[in-house]
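Laboratory data are not the source of any read-out in this text; all were calculated from the coordinates shown. What you are looking at is a predicted structure, and each value in this text was computed from that prediction instead of being measured. FYI the Cβ positions are ideal-geometry reconstructions off the backbone, even for glycines, and counts take in every protein chain you see.
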Amino acid sequence: MKETELAEKVIEWLDDQHWEIYQEVQLFSGGSVIDIVAVRQRIPWAIECKTALSLTVLGQAWRHNACYRSIAVPACVRLDKGREFARAVAESYGIGIIEYDPRYGSGVQERVRAPLQRYNYRHRDYILDRLCEEQKTFAAAGNPDGLRFTPYKNTIRQTKFYIRQHPGCTIQEICAEVYTHYGGSSKIACLRQALSNWERGWCDIRKDGRINRYYLKETQP
């Protein structure tokens, strides 16, 4: 069973429980990609979909700072002592295990229920603020091609929206109002470089004395 097929089953199961689902979520540049982030009542649940249960996979899930953390795997039809050990480790470290077995009902069930990680509440707003509509459909969870809606794409999406609403704005005005994945003192310089070098297909930069002003090109919707 492919990871994408497993993820589809898990997403259907989550959708039936009224979770809002985001796929292939990278919270910051260079960070790990979470296959599924499900949200309900502002509580995020990070789920990794894998074809096998291992300590490596559990370590990957454990590092996610969501309020719930789980691994989704196909069910094992025969006794596997290594899997039983991994399941015990999951329980010890507060990681849920979701299994897909087509022989039973919807096929998806929580074999080990993910406990609420209350100390991760401090990370909740950070996670929620970095989720966007594009992550719901941009790339399928578990896809083998590395497709994802990156923090850079999110920065450009928000920048483009701001320029559309405020034609003629300056880079300082953009950076004051728009969340970007760029941080620190280099934020303005990095975004200026991105718009000048890589986003000229839609971004029209016009000189106004010594100031650059930003517009959408007329061909852009």
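Annotations
- Taking trypsin sites (Lys or Arg not before Pro) across the stretch 1-96, the ones in a DSSP loop with at most 16 further Cβ atoms lying within 10 angstrom of their Cβ are LYS2, ARG42, ARG63, ARG78.
- Note on LYS187: lysines with a C-alpha under 25 Å away, same-chain residues under 8 apart excluded, are LYS153, LYS160, LYS207, LYS217.
- Isotropically averaged projected area of the stretch 92-221, using the convex hull of Cα atoms (one quarter of hull area), nm²: 12.6
- What you get for the stretch 151-216, charging only the Cβ of Lys and Arg (+1) and of Asp and Glu (-1), is a dipole of about 140 debye around the Cα centre.
- Working note: Cα gyration tensor of the stretch 151-216, eigenvalues times five, square-rooted, sorted largest first, giving semi-axes of 17, 13, 11 Å.
- Here the Karplus curve 6.51 cos²θ - 1.76 cosθ + 1.60, taken at θ = phi - 60°, turns the phi angles of the stretch 118-128 into couplings of 5, 5, 8, 4, 5, 9, 4, 5, 4, 5, 4 Hz, with x standing for Gly and Pro.
- Beta bridges by DSSP in the stretch 26-183, antiparallel share as percent, to the nearest 5: 50
- Chymotrypsin sites (Phe, Trp or Tyr not before Pro) restricted to the stretch 94-145 and DSSP loop, no more than 11 other C-beta within 10 Å: TYR104
- Distance histogram in 10 Å bins (all Cα pairs of the stretch 97-165, percent per bin): 15, 26, 36, 17, 6, 0
- For the stretch 143-156, 3J(HN,Hα) per residue [Karplus equation, 6.51 cos²θ - 1.76 cosθ + 1.60, θ = phi - 60°, Hz, x = Gly/Pro]: 5, x, 9, x, 6, 6, 8, 6, x, 5, 4, 5, 4, 5
- Theoretical FRET efficiency, 1/(1+(r/R0)^6), r = Cβ-Cβ of SER106 and LYS136, R0 25 Å, to 0.05: 0.75
- The stretch 146-204 and the stretch 48-89: distance between their alpha carbon centers, rounded to Å: 38
- Convex hull of the stretch 20-104 built on C-alpha atoms - directionally averaged projected area, nm²: 6.3
- Sparsely packed loop sites in the stretch 125-221 (the trypsin sites (Lys or Arg not before Pro) outside DSSP H, G, I, E and B with at most 11 other Cβ atoms within 10 Å) comprise ARG200, ARG210, LYS217.
- Amide H contacts under 5 Å for VAL108: ASP101, restricted to partners 5 or more places along the chain or on a different chain, H placed in the peptide plane at 1.01 Å from N.
- On a per residue basis, the convex hull of the C-alpha atoms belonging to the chain measures out at 142 Å³.
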